[in-house]
Amino acid sequence: MGFSMQPYGIQSMLKEGHKHLSGLDEAVLKNIDACKQLSAITRTSLGPNGMNKMVINHLDKLFVTNDAATIVNELEVQHPAAKILVLAGKAQQEEIGDGANLTISFAGEMLQNADELIRMGLHPSEIISGYNKAINKAIEILSELVEPGSENMDVRNKEQVIFRMKAAVASKQFGQEDILCNLIADACIQVCPKNPVNFNVDNVRVAKLVGGGLINSSIVRGMVLKGDTVGTIKRVEKAKVVVFAGGVDTSATETKGTVLIHSAEQLENYAKTEEAKVEELIKAVAETGAKVIVSGAAVGEMALHFCERYKLMVLKISSKFELRRFCRTTGAVAILKLSPPNPDDLGCVDSISVEEIGGARVTVVRNEEGGNSVCTVVLRGSTESILDDLERAVDDGVNTYKAMCRDSRIVPGGAATEIELAKRLREFSFKETGLDQYAIAKFAESFEMIPKTLAENAGLNAMEIISSLYAEHASGNTKVGIDLEEGVFKDVSTTNIWDLYVTKFFALKYAADAACTVLRVDQIIMAKPAGGPRRDAAPGGMDED
């Protein structure tokens, strides 16, 4: 019998196959290292000159984008500490819809500075208390930097909207922000409800059609459905619409029955009754004045025949999300069973027509008078990945609009706010006694990452720019930031680069929370992973919403 080592200590307590890391070197610094790796990925994509990343996910889908939220979503980060940063980025994306990159990069920078402090001999809890003081102070300073008079804005004034949206869109599509902002602002203003706080992002749709260029993009008040109509009628104007959620078809009955047929006439009559039933239904629809039938599933041959006879247009929308949006656009009520519709259930449209855009046939549903229902931005571009990236820029713009509907305060962009925060926090750290002051000073230093990264991504000399920015801010010009086009520092109120206050507020808050959460960990205990199929495999056949 060989000697089998009896496990002792923590090994004897846990199942075999587990991992256990503890102490500063193994747990804290390893966690910080993983987060640094993640923020190094997103950092080079920060700002208008940010580089694109090419990410190929587990389904072999290719993403070419500089949108941090998409990048970290598709990376499938495994490390538990880096996952916390990913979650902070996701929270920012859901709360504001822009600034996920700022959140992740800033949290990574804070952790890198914490790493230096730990190596100097500070305890993580002292760093956390310093960081907490610093973030509270930073948020206090941030509200002082708000541009006076920006808190009340008219969300239907296109100039003011573009003014606030430009920076968010430019960081995704630099050089094309003017064309895009115009489109997005128009679309958002058209669907903005009476009370702007209730603005629904889902009401601005994006239709991506390959071909042409960004200049050919346009806005449709209503919806753009990919695909053709079912029948031969391709265009109707000022029509009433009836929506059937199920298919328009003769259905087999629930119960099984036997029919005894004695003679040939009975057989003929039996076949005729089915036709008569379908005809009766289609006729009833036509008599209500409806000219368009929209079906949520297949349309039977016979039903189609009668629709053609009564000159009804037939549309098939298979996605139930699209069907709901269609109902929202037209004001129709989806009828579940095939029965003659009530006049109240009908919706109305200005026109439905089949158009050919760049080789693809699309059905355009226009509803101009319907007020603020749904608006579609039709994007054109040469490749799929360009279109996906444009869609993300539009998404950011629409989310920014939603954020400004709730809170329209703005702070100077182009890293002016960050340098000012760094300068004021450094002054604040000198007043603190105790070991917190080192942490606060490092927190202030973390803000330098933003102008430094912006300058580096644009190929400028970062050190030179940061020192000249500090010099300007020290002499009281709080609105001086980087003008990336010319590579010099300028007063951002002349270049009109403004960021929303809420975007910055939440990004800093989430970043500080994530960094403190990672620093609070001192042991990692991982159980042996369970066998069997992966549980996060998404069920197939889902709609993209």
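LEU85 exposes around 0 Å² of accessible area when a 1.4 Å probe is run over every protein chain in place. Taking Cβ atoms as reference points and 11 Å as the exclusive limit, the residues near LYS291 contribute a net charge of +3, counting Lys and Arg as +1 and Asp and Glu as -1. The structure shown yields mean projected area of the Cα convex hull in nm², and of the options [x] 56.9; [y] 23.4; [z] 37.7 that calculated value carries the label [z]. Peptide packing for 488-496, 26-34 was compared via the average number of neighbouring C-beta atoms within 10 Å per residue; ordered from the highest value, the list is 26-34, 488-496. Just the protein heavy atoms count here, and of the accessible area of the chain at 1.4 Å, carbon and sulfur take up 52 percent. Axis of helix 416-431 versus longest Cα principal axis of the chain: the two differ by about 40°, to the nearest ten degrees. Taking all protein chains together and rolling a 1.4 Å probe, PHE63 ends up with roughly 20 Å² accessible.
Scalar couplings 3J(HN,Hα) for segment 294-311, obtained by applying the Karplus form with A = 6.51, B = -1.76, C = 1.60 to θ = phi - 60°, are 10, 10, x, 9, 5, 10, x, 4, 5, 4, 5, 4, 6, 4, 5, 4, 8, 6 Hz; x denotes Gly and Pro. Taking the empirical scaling 2.2 N^0.38 Å for compact globular proteins as reference, segment 39-169 has a Cα radius of gyration ratio of 1.28. For the set LYS291/LYS311; LYS166/LYS479; LYS83/LYS137; LYS208/LYS240; LYS402/LYS504, the pairs lying more than 19 angstrom apart at their alpha carbons are LYS83/LYS137; LYS208/LYS240.
When both bridge partners sit in the chain, DSSP labels roughly 65% of those beta bridges antiparallel.
Accessible surface ranking for ARG235, ARG325, ARG426, ARG156, 1.4 angstrom probe, highest first: ARG235, ARG156, ARG426, ARG325.
Annotation: amide H-H contacts under 5 Å for LEU435 (H modelled 1.01 Å from N, sequence separation of 5 or more, or interchain): none.
For the peptides 158-170, 515-527, the ranking by mean Cβ contacts within 10 Å, running from highest to lowest, is 158-170, 515-527. Considering only alpha-carbon pairs that sit under 8 angstrom and 6 or more positions apart, the relative contact order computed for the chain is 26 percent.
Under a Cβ-Cβ cut-off of 15 Å, what is the net charge of the residues other than ALA471 that fall near it, where Lys and Arg count +1 and Asp and Glu count -1? Charge balance in the 15 Å sphere: -1.
Taking all protein chains as they are arranged and a probe of 1.4 Å, the heavy atoms of TYR438 leave approximately 100 Å² accessible to solvent.
Legend: residues ILE233, ILE352, sorted from most to least accessible area (1.4 Å probe; ligands, DNA and RNA excluded), read ILE233, ILE352.
Ordering 404-416, 259-271, 47-59, 281-293 by mean Cβ neighbour count within 10 Å, with the highest value first, yields 404-416, 281-293, 47-59, 259-271. Whole-Hz Karplus values for segment 471-480 come out as 4, 4, 5, 5, 8, x, 8, 6, 9, 8 Hz, taken residue by residue from phi with 6.51 cos²θ - 1.76 cosθ + 1.60 and θ = phi - 60°; glycine and proline positions read x. Taken per residue, the accessible surface of the chain reaches 50 Å², heavy atoms only and a 1.4 Å probe.
In whole Å, how far is the Cα centre of segment 64-96 from that of segment 300-322? Their Cα centres are 43 Å away from one another. The phi torsions of segment 482-497, fed into the Karplus equation with coefficients 6.51, -1.76 and 1.60 and a -60° offset, translate into couplings of 8, 9, 6, 5, 9, x, 10, 9, 9, 6, 5, 5, 7, 8, 6, 10 Hz, rounded to whole numbers, with Gly and Pro shown as x.
The values are calculated or read from the model by the stated rules, or taken from the named source; none is laboratory data. Values in this document were obtained by computation on a predicted structure and should not be read as measured data. Cβ atoms come from the backbone with ideal geometry, glycine included; neighbour counts cover every protein chain shown. Quick note on the areas: whole protein, heavy atoms, side chains included, nothing else; ligands and nucleic acids left out. Shrake-Rupley method; radii C 1.70, N 1.55, O 1.52, S 1.80 Å.
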